[in-house]
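Taking it in order: structure first as structure tokens, then the write-up.
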Amino acid sequence: MTTRQPPRRLWNVAPAAPADVLRPLGRYPPLMAQLLYNRGIRSAADAEAFLDPQPHDSGGSAQIPGAEAAVARLVEAVRSGETIAVYGDFDADGVTSSALLVEALTGLGARPITYIPHRVTEGHGLNLPALQSLHRQGVGIIVTADCGVSDAAEVAAAADLGIDVIITDHHSPPPVLPSAAAVVNPKLPGGPDAYRVLASVGVAFKLCESLYRALGRNLDPSLLEFVALGTVADVAPMGGENRYLVSEGLKRLNRTERPGLQALLEVADLKPGEVDSESVGYRLGPRINAPGRIDRAEASFQLLTASSHEEARALAQGLDSKNTERQQLTRATVAKAREALAGESELPPILILGDADFSAGIVGLVAGLLREEYYRPAVVYQRGPNETRASCRSIPEFSVIDALRRCDDLFQRYGGHAQAAGFTIATHKLPELEERLTAIAREELDGKRLHPSIAIDAEIPLGRIDGAAIRAVRQLAPYGVGNPQPTFLSRNVEVLDVRGVGADGRHLRFKLREGPVVWTAMAFDAPRLPQPAPERIDLVFNLSIDRWDGRERLRLNVVDLRVTG
């Protein structure tokens, strides 16, 4: 069967900044002013704040809704020596949040217990058997990490066991909150806008800042290493307070003294000074996530908190192996999904597919890849005999969490954000859910042109990329949602050489020339080129740095390409 080819992506070049906008940004080179304009920056003051991020309010950690009550309860627990449990999620945000909370509480003299559920056998969030186990260990207070805001029944069960629950979470809160000792969530009404973008690891850091302040102590700033890892890996927006936290965290990560992080950098082939948001997103984050996708996430937590280099090296090698296994599994599952979509005469408004053989640990990755390829909301599930678990990824035009809320009578549990969510459902209810979600998507997306596109910052000849352009690109880091890596378009570029690289030749390495300058370019998972190779191409690209043998070389990362003409 021939697989359906993903649609050709539209190239949307940002309009030139008008003169009245460029005047306030006149202190910056024209290309930098254009890049700032594309990111919604209109004044010199806003540009300075963006390029040199500062904390929103050094004394305002308790401004996160629920933080004041949480601090009061934790002060009581620390002073009285209560047994505290940190209950984390199994992804990178949950694991880094757990590591941060455990280190911070340990620094105050507490001896916290850690619990991270199994993705497949337990699922996301609190569950009754785990609560009962923690109760038997004498736990009197649970602090969640990246979960809990939708777990009203489980929080009530914990209360029946005599356990107080403090929820730290950043997922969209339901209309009725759990009856917890405190719900610390920046998306609740009343908090600063700068905090609404925080990942759960950022919420945990801010809470611990307030806790330490209440006890007359200073929080260890090296914990920002965890904040940078978890925030970038969770694809949290790179604005508001996140821009400051990640900037500072990356600086510290590049000189980390934690054995676990040193070992993680080593297996990812990164040296101190080379860690940026791109390497976290593509090399460190996937390795932290891998154990929780394939098996149990405890290995990642143990690595982050390892105290010996020998233990850390063994754990890091295990994470690296799990990540390789995860990559192979993801590729095979995406191939099956593409084959299934090839049988559709017309793509539906929302892609819903799954199989008993799909792994619950990678359905979110597969959904994300399908969303990118076909520009449709995607729901991918592992179908069990009685129970089915699914992950959803969506496009800006469609809030998947709102769609799930319209079907909440069908789920055993669900939660998430506008663009990413998940649910557990009785398998016999799947056909009804598919029918209702498809109807909702058809209603919401009717009349909208669903076509994948690439936002391009500027069209610029390769010959005009100079030191000023490179400095401008570097100053905008760290990159992420809301501040993507600058993307450029160059047309009619001469192709000197092109060859397949990688085990199966699916990546392409180019030598390109415009004028006297020859560029190296890499196209990962590249579209097929006609044979013989074209003499000239138009390409959309990012600027990247190749580091080899202690030297840095500029490289083009090809995002998309077309034969000229």
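The values are calculated or read from the model by the stated rules, or taken from the named source; none is laboratory data. Note that the structure is predicted; figures quoted are calculated from it, not measured. No Cβ is skipped: glycine too gets one built from the backbone with ideal geometry, and neighbour counts run over all protein chains shown.
Which ranges mark the helices (runs of 4 or more DSSP H) fully within region 239-357 that have 1 or more residues being within 30 Å of L433 (Cα to Cα) and at pLDDT 95 or above? Spell out how you get there, then give the answer.
On the way: elements: 240-253, 259-267, 285-294, 298-304, 309-342.
In region 239-357, 285-294, 309-342 are the helices (runs of 4 or more DSSP H) which contain 1 or more residues that are within 30 Å of L433 (Cα to Cα) and at pLDDT 95 or above.
Enumerate the helices (runs of 4 or more DSSP H) found wholly within region 1-52, keeping only those where 3 or more residues are out of contact with any Leu (no Cβ under 9 Å at 6 or more places or on another chain) and modelled with pLDDT under 95. Spell out how you get there, then give the answer.
Values: elements: 19-22, 30-38, 44-51.
Here the list reads 19-22, 44-51.
Can you find, within region 152-169, the residue that is farthest from G415 (Cα to Cα) among those that are touching a residue at least 40 places away in the same chain (Cβ under 8 Å) and within 28 Å of the chain's Cα centre (by Cα)?
Looking at the filtered set, the residue picked out is I166.
Out of the residues in region 226-249 meeting the condition of being of a type in the set (S, T, N, Q) and crowded, with 24+ Cβ neighbours inside 10 Å, tell me which one is nearest to the chain's Cα centre (by Cα).
Restricting to residues being of a type in the set (S, T, N, Q) and crowded, with 24+ Cβ neighbours inside 10 Å, the top hit is T231.
Residues of region 198-215 being under 14 Å from V102 (Cα atoms) and either in contact with a Lys or Arg (Cβ under 9 Å, 6 or more places away or on another chain) or outside any helix (DSSP H, G or I) (or both), which ones?
Within region 198-215, just L211 meets the criteria.
Just to verify a result, which residue in region 464-505, among those that are of a type in the set (G, A, S) and surrounded by 15 or more Cβ atoms within 10 Å (Cβ to Cβ), is nearest to V280 (Cα to Cα)? Working first, answer last.
Taking region 464-505 first, the residues of a type in the set (G, A, S) are 467-469, 472, 477, 480, 482, 490, 500, 502-503, 505.
Subsequent filtering for residues that are surrounded by 15 or more Cβ atoms within 10 Å (Cβ to Cβ) retains 469, 472, 477, 480, 482, 490.
Numbers: A469: 23, A472: 21, A477: 13, G480: 11, G482: 17, S490: 28 Å.
If we take residues in region 464-505 being of a type in the set (G, A, S) and surrounded by 15 or more Cβ atoms within 10 Å (Cβ to Cβ), then G480 is nearest to V280 (Cα to Cα).
Filtering region 203-223 down to residues that are more than 16 Å from I166 (Cβ to Cβ) and of a type in the set (G, A, S), which residue is surrounded by the most Cβ atoms within 10 Å (Cβ to Cβ)?
Filtering first and then ranking leaves S222.
So which residues in region 91-114 are surrounded by fewer than 24 Cβ atoms within 10 Å (Cβ to Cβ) and not hydrophobic (A, V, I, L, M, F, W, C), if there are any at all?
E103, T106, G107, G109, R111, P112, T114
Could you give me the residue pairs with C-beta distances under 9 Å whose first residue belongs to region 113-129 and is assigned by TED's automatic domain parsing to the domain that holds S391, whose second residue is among the aromatic types (F, W, Y) and surrounded by fewer than 19 Cβ atoms within 10 Å (Cβ to Cβ) wherever it lies, and which are 6+ apart or on separate chains?
Close Cβ pairs satisfying both conditions: none exist.
What about V149, is it closer than 16 Å to A297 by Cα, β-branched (V, I, T) and either part of a helix (DSSP H, G or I) or in contact with a strand residue (DSSP E or B) (Cβ under 6 Å, 6 or more places away or on another chain) (or both)? Even if it seems obvious, please write down each step before you answer.
Details: closer than 16 Å to A297 by Cα: no; β-branched (V, I, T): yes; either part of a helix (DSSP H, G or I) or in contact with a strand residue (DSSP E or B) (Cβ under 6 Å, 6 or more places away or on another chain) (or both): yes.
No, not satisfied.
Could you figure out which of (1) crowded, with 19+ Cβ neighbours inside 10 Å; (2) touching a Ser or Thr at 6+ places or on another chain (Cβ under 6 Å) isn't true of Q412?
(1)
Return the pairs, sorted by first residue and then second, in which the second residue is β-branched (V, I, T), the first residue lies in region 257-286 and is farther than 15 Å from S321 by Cα, the beta carbons are less than 6 Å apart, and the residues are 6+ apart or on different chains.
Close Cβ pairs satisfying both conditions: S277/V232; V280/V232; G281/V232.
For G88, are the conditions met, namely being in contact with a strand residue (DSSP E or B) (Cβ under 7 Å, 6 or more places away or on another chain), closer than 30 Å to G384 by Cβ and either in the same structural domain as F358 (by TED's automatic domain parsing) or surrounded by 17 or more Cβ atoms within 10 Å (Cβ to Cβ) (or both)?
Here the answer is yes, as G88 does meet what is asked.
Would you mention how many residues in region 160-177 are in contact with a helix residue (DSSP H, G or I) (Cβ under 7 Å, 6 or more places away or on another chain), crowded, with 22+ Cβ neighbours inside 10 Å and assigned to a loop (DSSP other than H, G, I, E, B)?
Selection size over region 160-177: 2.
Since T231 meets every condition but one in (1) part of a helix (DSSP H, G or I); (2) touching a residue at least 24 places away in the same chain (Cβ under 8 Å); (3) over 18 Å from C147 (Cβ atoms), which condition does it not meet?
(3)
Within region 307-323, does at least one residue satisfy the condition of being surrounded by 20 or more Cβ atoms within 10 Å (Cβ to Cβ), touching a Ser or Thr at 6+ places or on another chain (Cβ under 9 Å), assigned by TED's automatic domain parsing to the domain that holds G416 and of a type outside the set (V, I, T)?
no
I'm told L430 meets every condition in (1) part of a strand (DSSP E or B); (2) buried (at least 17 other Cβ atoms within 10 Å of the Cβ) except one. Can you identify the failing condition by its number?
Of the numbered conditions (1) part of a strand (DSSP E or B); (2) buried (at least 17 other Cβ atoms within 10 Å of the Cβ), the odd one out for L430 is (1).
Considering only residues that are at pLDDT 95 or above and out of contact with any Leu (no Cβ under 9 Å at 6 or more places or on another chain), which ones fall in region 163-175?
Across region 163-175, the qualifying residues are D164, D169.
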